[in-house]
Amino acid sequence: PAVTSPCKILKCNSEFWAATSGSHHAGAEEAPEFCTALRAYAHCTRRTARTCRGDLAYHSAVHGIDDLMVQHNCSKDGPTSQPRLRTLPPGDSQERSDSPEICHYEKSFHKHSAAPNYTHCGLFGDPHLRTFTDTFQTCKVQGAWPLIDNNYLNVQVTNTPVLPGSSATATSKLTIIFKSFQECVDQKVYQAEMDELPAAFVDGSKNGGDKHGANSLKITEKVSGQHIEIQAKYIGTTIVVRQVGRYLTFAVRMPEEVVNAVEDRDSQGLYLCLRGCPLNQQIDFQAVRSAQATEGRARRKGPSLPAPPEAFTYETATAKCREKLPVEDLYFQSCVFDLLTTGDVNFMLAAYYAFEDVKVLHSNKDKLHLYERTRDLSPGNTAPAGAHPALWVSLLCLCWLCLL
């Protein structure tokens, strides 16, 4: 069984969000009820404190509670039942739509120039990474790894083993930090874990906070517990997080200008969406696929590991993946790979939804499908573009002979 964090901060966040109807900007007549919900929130965090040491979302929630207690003159002593506050009227900061122009990326940064060039990055399955430069990799990356790290936001994923003793991993935790930006948004933290996909930031809010352009950062729940979308208009960015089965997928659309907004790129360090996985963390997708086709199951390089489940043969995995992914591109191949290494049909759905997100988020519709451009591709699944290196060598030799 996969490892699950004992820290229950997401449960505390969800309970507070439900108790306050999605807003922490209560009117004067609602202050007593809001304070009651805050005390319940604080009590919940204290109950889980012992298991949450070092958890970023936990510490953010604790500081947020203290700030809200002061803002609303709430006493720490009193009832802790959780009343449900009524919906706030239009005009509250949760509903404002009159954000300043600087909080709309396309309007502020590109008013007199061409539209920005958007890029895409995605992570799904066991796990497969599509970088901002459209490089497709299959990686190990067990533990915590940074996906994005720039001047505006940080994204970190934690990957845990899918099966005991196996090197097959999948994303079990995701943390997104939106940094405070001018008059648009306060710093906000979003965190999701297996079986916990909140529709709010860790402080219970659904937008960018108290600043005038708060609505330039918003969370929308598309499917309860399965699919959320975060719009960060002030940096022209859209993020999609899904829970498929027990594990999480991540997809983002971001302008190149934001992708490359770092103080010192040379000393920036690892950033998977931009630089890809380290070589020692990459899996030779083609070699493993050949083993799958000939042996009926995938085997990882390295020390001997327990054999993966026998629920799928290469033929049945291929047939299953074709149901959702008719084009035999790398999304299809990753689906086959994952079914053979995990035996979990939810990984087929993860590949399917990852490609669905690409269709929505990628700005170049000619680059939706990715194909391997390496040697020994199986017949019928060759890359549609790009010649084999041996062909170029032959042509060069022929040209040289002609000159002689």
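The values are calculated or read from the model by the stated rules, or taken from the named source; none is laboratory data. All values derive from a computational prediction rather than experimental measurement. Using ideal geometry, Cβ is built from the backbone for each residue, glycine included, and neighbour counts are taken over all protein chains shown. Note: areas computed on protein heavy atoms with side chains; ligands, DNA, RNA excluded. Shrake-Rupley method; radii C 1.70, N 1.55, O 1.52, S 1.80 Å.
Worth pointing out:
- Matching option when the condition is of a type in the set (Asp, Glu), at negative phi and either open to solvent by less than 10 Å² (accessible area, probe 1.4 Å) or modelled with pLDDT under 80 (or both), among ASP66, ASP98: ASP98
- Some residue of region 180-187 being open to solvent by less than 20 Å² (accessible area, probe 1.4 Å) and at pLDDT 95 or above: no
- GLY236 meets all of the listed conditions (1) in contact (Cβ under 8 Å) with a residue 60 or more places away in the chain; (2) touching a Leu at 6+ places or on another chain (Cβ under 7 Å) but one, namely (2).
- The set of residues in region 185-218 that are among the hydrophobic types (A, V, I, L, M, F, W, C) and under 22 Å from LYS107 (Cβ atoms) comprises VAL185, ALA214, LEU217.
- Residue list for region 188-197, restricted to those being assigned to a loop (DSSP other than H, G, I, E, B) and either open to solvent by 20 Å² or more (accessible area, probe 1.4 Å) or at pLDDT 95 or above (or both): ASP195, LEU197
- Hits in region 45-54 - residues which are open to solvent by 10 Å² or more (accessible area, probe 1.4 Å) and in contact with a Ser or Thr (Cβ under 9 Å, 6 or more places away or on another chain): THR51
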